[in-house]
Amino acid sequence: MNDIIERIKQLKEQKNALILAHNYQDIQIQDVADFRGDSLQLSILASEASAEIIVFCGVKFMAETAAMLNPAARVLLPVLDAGCPMADMITGEQLRQFKAAHPGAVVICYVNSSAEVKAESDICCTSSNAVKIVRSIPVNQPILFVPDQNLGNWAARQSGREIITWNGYCPVHHWQFSPARIEDLRKQYPEHTLLAHPECPAVILDQADKVMSTSGMMNYCANHDKVIIATEVAMIRYLQHLYPQKSILPLAPGAICQNMLKTGIHDLLRALENEEHLITVPQDIASKAVKCLDRMLELSR
Ligand code: 13P
Ligand code: SF4
């Protein structure tokens, strides 16, 4: 294993490559990455990077976003079919029809969406800035939110705004957590704080002590010892690896994102060796989509 890590480090230097890893990536990938983070942090890092190559260890919409924000870099996704089922729950054509049914509405798209959907949207958001983005929209303007109904509805409750949401969802966050499980763990661990990702349904978010992005959770755990987390378990495993002395527990051990799991350390090595898989977005789509990303970044930096 040490040989593989050494080889990755050598290739990274030789090729002027930057390795970005989402917080859901496995321990080996996170340990060798230059930066780890949530979707917003990684988008900002990608947009500012001066490396010739960005290897994005995550899922496809993240690499597409990096490619649009940094057209000078070659962006590689180590496993081509690492996608996001929620991002696939709306197409550009479906969004065009949704807009036609609600003329005059502003479209906010969660970053977990295809480049084509971003190109049809007015402003993008991530889990860490969704409420702020909603609040930036003039009060008299109707809002459409795609594709995540849970994040959209949560942002609506937080901001007091009415939002019409698409009915997409993340299969991991939507299906894996239950109020009964919260009740059980609360009884067993009464001193623990429950953190939940805003992709969870309202029945879970209503019972959480805090709702935050994956990096919000990483930061919280740096300063607290007893935590239960409602999000994907690879990140919780990474937290347990960072803080073996703390009690950091998953709300559901089965909450696994099969797509995030696809990228292993051998895939990362192969990506650097062969410079694959290059992610590109057609210029006509990228030129529109980047506007909705830039609008978000202007409000977030
Ligand atoms: P974060 O932006 O909070 O990392 O969330 C991304 C994601 O895909 C969660 O499922
Ligand atoms: Fe998509 Fe859910 Fe996986 Fe995040 S956890 S990448 S939203 S499927």
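What follows is calculated from the coordinates using simple rules that are stated; it is not laboratory data. Being a predicted model, the structure only gives us computed values, none of them experimental. For neighbour counting, all protein chains shown are included, and Cβ atoms are generated from backbone atoms with ideal geometry for every residue, glycine included.
Projection of the Cα convex hull of the stretch 1-154, averaged over all directions and equal to a quarter of that hull's surface, yields 9.8 nm². Among beta bridges identified by DSSP and lying wholly in the chain, the antiparallel ones come to about 5 percent. For the stretch 118-272, the extents of the C-alpha atoms along the principal axes are 50, 46, 27 Å, listed from largest to smallest. Positive contributions from Lys and Arg (+1) and negative ones from Asp and Glu (-1), summed over other residues with Cβ under 15 Å from the Cβ of E298, come out at +2.
Simple spin-label estimate for A100 and A202 gives 3.0 nm between the two label positions (7 Å along the Cα-to-Cβ direction from each Cα).
Report the Stokes-Einstein translational diffusion coefficient (µm² s⁻¹, integer) for the stretch 35-113, Rh taken as the Kirkwood radius over Cα pairs, at 20 °C with viscosity 1.002 mPa s. Intermediate results must be reported in sequence, preceding the final value.
Numbers: Rh = 13.9 Å.
Estimated diffusion coefficient is 154 µm²/s.
Ignoring lysines fewer than eight residues from K226 along the same chain, the ones with Cα atoms less than 30 angstrom from its Cα are K132, K187, K210, K246, K262.
If you average the sequence gap of Cα pairs under 8 Å that are 6 or more apart and divide by the length of the chain, what percent do you get for the contact order? Walk me through the intermediate numbers first.
Details: 596 pairs, mean separation 69.2, N = 301.
Reported as a whole number, the value is 23 percent.
What is the Cα centroid distance between the stretch 47-76 and the stretch 1-23, reported in whole angstrom? About 15 Å separates the Cα centre of the stretch 47-76 from the one of the stretch 1-23.
Using only the Cα atoms of the stretch 85-201, construct the convex hull and provide its projected area averaged over every direction, in square nanometres to one decimal. Intermediate values should be presented prior to the final figure.
Details: hull surface 30.8 nm².
The directionally averaged projection comes out at 7.7 nm².
Which order do peptides 147-153, 157-163, 63-69, 290-296 fall in by mean Cβ count within 10 Å, highest first?
Numbers: 147-153: 25.0, 157-163: 15.0, 63-69: 26.6, 290-296: 20.4.
Packing proxy ranking, top to bottom: 63-69, 147-153, 290-296, 157-163.
Shown here: the stretch 187-301, whose C-alpha atoms stretch 54, 36, 25 Å along the first, second and third principal axes, sorted largest to smallest. Positive end of the dipole of the chain, charges at C-beta (+1 Lys, Arg; -1 Asp, Glu), about the Cα centre: which of L278, N112, F177 has its Cα farthest in that direction? Towards the positive end, the residue furthest out is F177. So which aspartates and glutamates pass the test for K15, namely a Cα distance under 15 Å, with those fewer than 8 places away in the same chain ruled out? In chain and number order, the partners are E6, D34, E52, E273, E275, E276. Please work out the Cα center distance from the stretch 144-205 to the stretch 110-128, rounded to the nearest Å. Answer, in whole Å: 20.
For the chain, what is the Kirkwood hydrodynamic radius in Å, using each pair of distinct C-alpha atoms? Working shown, then result.
Working: mean 1/r = 0.0510 Å⁻¹.
Final number for the Kirkwood radius of the chain is 19.6 Å.
Note on the chain: GNM, Cα springs under 10 Å; of V203, V107, V233, the largest mean-square fluctuation is that of V203. When F35, F56 are arranged by Cβ crowding within 10 Å, least crowded first, meaning fewest neighbours, the order is F35, F56.
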